[in-house]
Amino acid sequence: MPIKEKIRTIPDHPKKGIMFRDITTLIKDPVGFRLVIDNFTQRYIKGDIDFDVIVGIESRGFIIGGALAYTLGKGFVPVRKKGKLPAETISHEYELEYGTDTIEMHTDAFPKGARVLVIDDLIATGGTALATAALIEKLGGSVVEMAFIVNLPDVGGAARLQEHGYRLYALTEFEGD
Ligand code: AMP
(Lines give C-alpha, C1' and ligand atoms only; values in the text may rest on other atoms or scores of the structure.)
Protein backbone atom coordinates (compact mmCIF):
# COMPACT_ATOMS: atom_id res chain seq x y z
CA MET A 1 0.00 0.00 0.00
CA PRO A 2 1.74 3.22 -1.12
CA ILE A 3 0.62 5.18 1.97
CA LYS A 4 1.97 2.62 4.44
CA GLU A 5 5.29 2.31 2.58
CA LYS A 6 5.92 6.04 2.93
CA ILE A 7 5.55 6.05 6.74
CA ARG A 8 8.87 5.83 8.56
CA THR A 9 9.23 3.72 11.71
CA ILE A 10 11.59 4.86 14.46
CA PRO A 11 12.14 2.16 17.06
CA ASP A 12 12.38 3.17 20.74
CA HIS A 13 11.10 6.74 20.23
CA PRO A 14 10.23 8.64 22.43
CA LYS A 15 11.05 5.78 24.82
CA LYS A 16 12.19 2.18 24.72
CA GLY A 17 9.66 -0.26 23.33
CA ILE A 18 7.66 2.29 21.29
CA MET A 19 7.66 1.92 17.51
CA PHE A 20 7.09 5.53 16.44
CA ARG A 21 5.18 5.73 13.14
CA ASP A 22 6.43 8.97 11.60
CA ILE A 23 4.08 10.44 8.98
CA THR A 24 6.43 13.34 8.09
CA THR A 25 8.01 11.11 5.42
CA LEU A 26 4.53 10.48 3.96
CA ILE A 27 3.40 14.10 3.84
CA LYS A 28 6.68 15.63 2.61
CA ASP A 29 6.15 13.49 -0.49
CA PRO A 30 3.67 15.41 -2.69
CA VAL A 31 2.20 12.15 -4.01
CA GLY A 32 1.90 10.78 -0.48
CA PHE A 33 0.19 13.88 0.89
CA ARG A 34 -2.20 13.99 -2.04
CA LEU A 35 -3.01 10.27 -1.63
CA VAL A 36 -3.97 10.90 2.00
CA ILE A 37 -6.15 13.93 1.29
CA ASP A 38 -7.72 12.39 -1.82
CA ASN A 39 -8.62 9.21 0.04
CA PHE A 40 -10.34 11.07 2.88
CA THR A 41 -11.99 13.43 0.40
CA GLN A 42 -13.46 10.54 -1.60
CA ARG A 43 -14.91 9.06 1.57
CA TYR A 44 -16.58 12.22 2.80
CA ILE A 45 -17.48 14.15 -0.37
CA LYS A 46 -20.32 11.77 -1.23
CA GLY A 47 -22.31 13.21 1.66
CA ASP A 48 -23.63 9.94 3.11
CA ILE A 49 -21.57 10.61 6.25
CA ASP A 50 -23.11 13.97 6.99
CA PHE A 51 -21.24 16.48 9.13
CA ASP A 52 -20.93 20.23 9.65
CA VAL A 53 -17.38 20.82 10.83
CA ILE A 54 -13.95 19.17 11.07
CA VAL A 55 -12.15 19.08 14.43
CA GLY A 56 -8.40 18.43 14.20
CA ILE A 57 -6.29 17.31 17.14
CA GLU A 58 -2.99 19.15 17.86
CA SER A 59 -0.71 19.03 16.08
CA ARG A 60 -0.58 16.58 13.19
CA GLY A 61 -4.36 16.57 13.00
CA PHE A 62 -4.10 20.22 11.92
CA ILE A 63 -2.14 19.34 8.77
CA ILE A 64 -4.59 16.72 7.54
CA GLY A 65 -7.75 18.28 8.93
CA GLY A 66 -6.89 21.69 7.47
CA ALA A 67 -6.35 20.34 3.95
CA LEU A 68 -9.48 18.18 4.18
CA ALA A 69 -11.63 21.06 5.40
CA TYR A 70 -10.52 22.89 2.25
CA THR A 71 -11.29 20.05 -0.20
CA LEU A 72 -14.67 19.38 1.44
CA GLY A 73 -15.66 23.01 1.85
CA LYS A 74 -16.09 22.71 5.63
CA GLY A 75 -14.81 24.80 8.51
CA PHE A 76 -11.87 23.70 10.68
CA VAL A 77 -11.73 23.78 14.48
CA PRO A 78 -8.52 23.08 16.44
CA VAL A 79 -8.36 21.10 19.68
CA ARG A 80 -5.28 22.33 21.50
CA LYS A 81 -3.19 21.60 24.55
CA LYS A 82 -4.04 23.66 27.63
CA GLY A 83 -3.27 27.37 27.54
CA LYS A 84 -2.86 27.87 23.79
CA LEU A 85 -6.27 29.16 22.68
CA PRO A 86 -6.83 32.91 23.17
CA ALA A 87 -10.59 33.25 23.72
CA GLU A 88 -12.96 31.58 26.20
CA THR A 89 -12.36 27.82 26.27
CA ILE A 90 -13.89 24.61 27.50
CA SER A 91 -11.46 21.94 28.72
CA HIS A 92 -11.29 18.23 29.39
CA GLU A 93 -8.72 16.45 31.54
CA TYR A 94 -7.81 12.85 30.76
CA GLU A 95 -5.56 10.15 32.12
CA LEU A 96 -2.17 9.35 30.61
CA GLU A 97 0.07 6.43 31.49
CA TYR A 98 1.71 8.71 34.08
CA GLY A 99 -0.37 11.70 35.20
CA THR A 100 -2.97 13.65 33.27
CA ASP A 101 -3.25 15.97 30.28
CA THR A 102 -5.77 18.67 29.39
CA ILE A 103 -7.10 19.64 25.98
CA GLU A 104 -9.17 22.70 25.11
CA MET A 105 -11.48 24.10 22.46
CA HIS A 106 -13.10 27.52 22.10
CA THR A 107 -16.60 27.61 23.60
CA ASP A 108 -17.91 29.20 20.38
CA ALA A 109 -16.15 26.65 18.13
CA PHE A 110 -19.45 25.38 16.73
CA PRO A 111 -23.15 25.75 17.50
CA LYS A 112 -24.97 23.29 19.76
CA GLY A 113 -26.14 20.26 17.78
CA ALA A 114 -23.26 20.40 15.26
CA ARG A 115 -22.15 17.13 13.71
CA VAL A 116 -18.39 16.74 13.85
CA LEU A 117 -15.76 14.76 11.96
CA VAL A 118 -12.64 14.26 14.12
CA ILE A 119 -9.21 14.00 12.41
CA ASP A 120 -5.81 12.95 13.75
CA ASP A 121 -2.74 11.28 12.29
CA LEU A 122 -2.75 8.14 14.42
CA ILE A 123 -4.76 6.20 16.99
CA ALA A 124 -2.84 4.23 19.62
CA THR A 125 -4.58 3.90 23.04
CA GLY A 126 -7.47 6.09 21.90
CA GLY A 127 -7.10 8.31 24.98
CA THR A 128 -6.68 11.51 22.98
CA ALA A 129 -9.55 10.70 20.64
CA LEU A 130 -11.93 9.84 23.50
CA ALA A 131 -11.00 13.04 25.33
CA THR A 132 -11.68 15.01 22.14
CA ALA A 133 -15.08 13.34 21.79
CA ALA A 134 -15.89 14.23 25.41
CA LEU A 135 -14.95 17.86 24.75
CA ILE A 136 -17.14 17.98 21.62
CA GLU A 137 -20.07 16.50 23.54
CA LYS A 138 -19.63 18.97 26.44
CA LEU A 139 -20.20 21.71 23.85
CA GLY A 140 -23.36 20.01 22.60
CA GLY A 141 -21.88 18.53 19.41
CA SER A 142 -21.94 14.92 18.24
CA VAL A 143 -19.12 12.91 16.69
CA VAL A 144 -20.11 11.29 13.38
CA GLU A 145 -16.76 9.58 12.78
CA MET A 146 -13.10 9.71 13.75
CA ALA A 147 -10.59 9.39 10.93
CA PHE A 148 -6.86 8.64 11.12
CA ILE A 149 -4.05 7.87 8.72
CA VAL A 150 -2.73 5.08 10.98
CA ASN A 151 -4.44 2.63 13.31
CA LEU A 152 -2.37 0.58 15.76
CA PRO A 153 -4.94 -2.13 16.59
CA ASP A 154 -2.59 -4.00 18.94
CA VAL A 155 -2.60 -1.03 21.33
CA GLY A 156 -6.39 -1.25 21.61
CA GLY A 157 -7.61 2.27 20.85
CA ALA A 158 -9.79 1.27 17.89
CA ALA A 159 -11.61 -1.30 20.04
CA ARG A 160 -12.03 1.30 22.82
CA LEU A 161 -13.58 3.79 20.42
CA GLN A 162 -15.95 1.17 19.07
CA GLU A 163 -16.94 0.09 22.61
CA HIS A 164 -17.91 3.71 23.25
CA GLY A 165 -20.03 3.67 20.09
CA TYR A 166 -17.79 5.81 17.86
CA ARG A 167 -17.18 5.05 14.21
CA LEU A 168 -13.57 4.83 13.15
CA TYR A 169 -11.91 5.05 9.75
CA ALA A 170 -8.18 4.56 9.10
CA LEU A 171 -6.20 4.52 5.87
CA THR A 172 -3.68 1.93 7.03
CA GLU A 173 -2.63 -0.07 10.06
CA PHE A 174 0.48 -1.52 11.64
CA GLU A 175 -0.40 -4.79 13.32
CA GLY A 176 2.16 -7.04 14.93
CA ASP A 177 5.02 -5.39 13.03
P1 AMP B 1 -3.37 7.84 21.92
O2 AMP B 1 -4.04 8.89 22.75
O3 AMP B 1 -2.60 6.84 22.72
O4 AMP B 1 -4.30 7.20 20.91
O5 AMP B 1 -2.22 8.59 21.12
C6 AMP B 1 -2.56 9.39 20.09
C7 AMP B 1 -1.56 10.50 19.83
O8 AMP B 1 -0.21 10.20 20.19
C9 AMP B 1 -1.59 10.75 18.36
O10 AMP B 1 -1.91 12.11 18.20
C11 AMP B 1 -0.23 10.39 17.84
O12 AMP B 1 0.28 11.47 17.14
C13 AMP B 1 0.64 10.07 19.05
N14 AMP B 1 1.18 8.69 19.07
C15 AMP B 1 0.90 7.71 19.97
N16 AMP B 1 1.57 6.56 19.71
C17 AMP B 1 2.28 6.80 18.59
C18 AMP B 1 3.20 5.99 17.78
N19 AMP B 1 3.49 4.71 18.07
N20 AMP B 1 3.73 6.57 16.68
C21 AMP B 1 3.43 7.86 16.35
N22 AMP B 1 2.61 8.66 17.06
C23 AMP B 1 2.05 8.16 18.17
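Tabulated values for the structure
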| item | result |
| --- | --- |
| Where a residue in segment 1-25 is touching a residue at least 60 places away in the same chain (Cβ under 8 Å) and its partner, wherever it lies, is surrounded by 12 or more Cβ atoms within 10 Å (Cβ to Cβ) and in a helix (DSSP H, G or I), with Cβ under 6 Å and at least six apart | 3/35; 7/26 |
| Strands (runs of 3 or more DSSP E) (entirely within segment 62-172) containing at least 2 residues that are out of contact with any Asp or Glu (no Cβ under 7 Å at 6 or more places or on another chain) and free of Cβ contacts under 8 Å to residues at least 60 places away in the same chain | 75-81, 89-95, 100-106, 142-151 |
| Which numbered condition residue 49 fails, given (1) in a loop (DSSP other than H, G, I, E, B); (2) within 18 Å of the chain's Cα centre (by Cα); (3) over 21 Å from residue 169 (Cβ atoms) | (3) |
| Every residue from segment 130-156 that is of a type outside the set (A, V, I, L, M, F, W, C) and either touching a helix residue (DSSP H, G or I) at 6+ places or on another chain (Cβ under 7 Å) or surrounded by fewer than 22 Cβ atoms within 10 Å (Cβ to Cβ) (or both) | 137, 138, 140, 142, 145, 151, 153, 154, 156 |
| Residues (aliphatic (A, V, I, L, M), surrounded by 11 or more Cβ atoms within 10 Å (Cβ to Cβ) and away from the ligand (no atom under 12 Å from the Cβ)) located in segment 1-25 | 3 |
| Selection within segment 118-142 - farther than 21 Å from residue 44 by Cα and either more than 6 Å from the ligand (Cβ to nearest atom) or not hydroxyl-bearing (Ser, Thr, Tyr) (or both) | 124, 126, 127, 130, 131, 134, 135, 137, 138, 139, 140 |
| Any chance residue 68 is of a type outside the set (Asp, Glu), under 17 Å from residue 122 (Cα atoms), buried (at least 17 other Cβ atoms within 10 Å of the Cβ) and away from the ligand (no atom under 13 Å from the Cβ) | yes |
| Scan of segment 10-46 for residues that are part of a helix (DSSP H, G or I) and within 30 Å of residue 111 (Cα to Cα), ordered by number | 36, 37, 38, 39, 40, 41, 42, 43, 44, 45 |
| Candidates 54, 10, 27 - the one that is in contact with a Leu (Cβ under 6 Å, 6 or more places away or on another chain), at pLDDT 95 or above and of a type in the set (A, V, I, L, M, F, W, C) | 54 |
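The values are calculated or read from the model by the stated rules, or taken from the named source; none is laboratory data. Source: prediction; values computed, not measured. Note: ideal-geometry Cβ built from the backbone for every residue, glycine included; neighbour counts use all protein chains shown.
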